[in-house]
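What follows is a single structure, written as structure tokens, with notes after it.
Read-outs throughout are calculated quantities, based only on the coordinates presented, and are distinct from any laboratory measurement. Here the structure is a predicted model, which means the values were calculated and not measured. Cβ: placed from backbone, ideal geometry, glycine included. Neighbour counts: every protein chain shown.
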Amino acid sequence: MKGIVLAGGTGSRLRPITHTGPKQLVPVANKPVLQYGIEDLRDAGITEIGVVLGEKGRDEIQAFLGDGSEFGVDVTYIVQGEPLGLAHAAGCAREFVGDDDFVMYLGDNILKQGIGELVARYESNDAAAGIALQHVDNPGQFGIADVDESGAVRQLVEKPDDPPSNLALIGIYVFSPKIFDAIADLEPSWRGELEITDAIQALLDDGESIDSHVVEGWWKDTGKPEDILDANRLVLEGQPGATAGTIADGANVIGHVDLHETATIREGATVRGPVSIAADTVIRSNTYVGPYTSIGPNCIVDSTHVENSVVVGESRLTANGRIVDSLIGRGAMVESADDLLPEGRRLVVGENSQLKL
């Protein structure tokens with residue numbers, strides 16, 4: 001079995017963070033979102049992986065993944081070009097897949113439990129496809145599956161007004177090569193795209209069986225800033241701290257803190273986990289780093305209170321106040337203005353920005 005990771009989206013909902021880089025490389029707990037999908041495939045025994053690239057972020061993604069050997073996989077790059085829908089992206093991988101079954105994984109997804117159970121269930125039956133589902137509170141905003149008691153799919157409906165269930169497709173699929181013939185016969189939807197739900201429905205209409213697997217635990221589509229913060233919190237909650245860097249006498253470190261071996265927490269600083277602090281970052285005195293915060297590499301945090309936030313890296317935070325629920329892009333400077341009292345701030349700050357608060 002092979003893997004396909006879709007990494008061609010533009011990340012419009014994550015602007016301004018994605019003005020200068022692909023959304024799939026935005027970090028969650030100091031690891032790019034894309035890496036979680038690669039590792040899920042690897043852990044399920046899938047090491048031949050095709051990464052489908054769009055027009056934006058190609059060079060950055062290839063520079064990060066390389067040939068895949070660093071992650072224990074073998075990566076082949078497939079250029080989709082203009083994004084014309086998930087089914088179009090899958091169709092671009094036809095030559096790479098050949099006659100093999102494959103997992104298609106949207107590159108901005110993060111799962112708690114991985115995909116091992118989905119793959120094992122598919123391999124144990126003779127279905128033409130398997131889809132990952134999760135119960136959601138707002139099914140009218142998703143593609144929804146109607147399934148029977150055994151998990152066999154009866155129908156797929158995109159964002160229905162009257163949902164037949166609350167089981168949403170979450171963007172992870174297992175396909176036989178039969179999907180490519182279904183894709184070849186598709187017409188664009190009202191959005192002008194080739195929809196993967198239409199291709200799966202075409203298999204059903206042709207009498208093929210489609211299996212499903214309900215994902216337990218959490219799942220996040222990291223398409224918006226609040227999703228990045230939620231995913232960061234969920235991942236940090238599940239990771240034990242691995243303190244390895246320098247903690248000065250007089251620093252106060254509480255709970256699980258993942259501190260890179262080249263990072264430093266200075267005297268007078270307080271860090272309350274779960275927190276992740278990346279390479280060459282310095283937490284100076286009179287600073288509080290609160291729970292559910294990830295601070296990327298080469299940052300300085302000084303005389304600032306920051307919590308439930310993601311700082312991408314190469315940034316300087318000296319705001320002398322509270323920064324909460326914020327996503328701060330690479331190379332940002334967040335400083336205090338002399339005429340303002342420190343208060344809580346909620347920020348989405350693009351790369352190379354400069355703020356006075």
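Find out how many positive minus negative residues lie around D211, taking Lys and Arg as positive, Asp and Glu as negative, among other residues whose Cβ is under 10 Å from that of D211.
0
Looking at region 218-312, the pairs of alpha carbons with a distance over 17 Å make up 44% of the total. Let me know the shape class of region 16-174, please: from the alpha-carbon gyration tensor, a ≥ b ≥ c as square roots of the eigenvalues, rounded when a/c is under 1.5, otherwise prolate if a/b is greater than b/c, or oblate. Since a/c reaches 1.5 and a/b is larger than b/c, the shape of region 16-174 is classed as prolate. Each peptide in 97-108, 301-312, 75-86 gets a packing score, the mean of other Cβ atoms within 10 Å over its residues, and the list from highest to lowest is 301-312, 97-108, 75-86. Taking a ≥ b ≥ c as the square roots of the Cα gyration tensor eigenvalues, region 163-277 comes out prolate, since a/c reaches at least 1.5 and a/b is larger than b/c. The P(r) of region 163-214 has a tail past 11 Å containing 73 percent of all C-alpha pairs.
Pairs of Lys residues in the chain that lie 8 or more places apart, or on two chains, and have C-alpha atoms under 22 angstrom apart add up to 16.
Scattering from region 201-269 was approximated by placing one identical point on each alpha carbon and applying the Debye formula without solvent; log10 I(q)/I(0) at 0.12, 0.16, 0.26 1/Å stands at -0.58, -0.78, -1.07. Average projection, convex hull of the Cα set of region 116-224: 7.5 square nanometres.
The value obtained for the chain, namely the Cα convex hull volume divided by the number of residues, is 137 Å³ per residue. Going by Cα centres, region 61-104 and region 218-252 are how many Å apart? Here the two parts' Cα centres lie 29 Å apart. With contributions of -39500 (n - 2.57) from each DSSP H run of at least four residues, the per-residue ellipticity at 222 nm computed over the chain stands at -5500 deg cm²/dmol. Think of the chain as having a plus end and a minus end, set by charges on the Cβ of Lys, Arg, Asp and Glu; of W218, I247, Y36, I247 sits farthest toward the positive end of this dipole. The Cβ shell under 14 Å around L65 holds other residues with a net charge of -4, Lys and Arg each +1, Asp and Glu each -1.
Taking the Cα centre of region 176-268 as origin and charging only Cβ (+1 Lys, Arg; -1 Asp, Glu), how large is the dipole, in debye to the nearest 20? Mind dumping the intermediate values first?
Values: 6 positive and 20 negative charges, 122 e Å.
In total the dipole reaches around 580 debye.
In the chain, a dipole from Cβ-located charges (positive for Lys and Arg, negative for Asp and Glu) runs towards its positive end, and of S303, I265, G143 it is S303 whose Cα lies farthest in that direction. Annotation: peptides 181-190, 214-223, ranked by per-residue average of other Cβ atoms within 10 Å with the highest first, follow the order 214-223, 181-190.
Simple point charges give the picture: +1 on the Cβ of Lys and Arg, -1 on the Cβ of Asp and Glu, and for the chain a dipole about the Cα centre of about 1580 debye. Among S336, S276, the order by Cβ neighbours within 10 angstrom, fewest to most, reads S336, S276.
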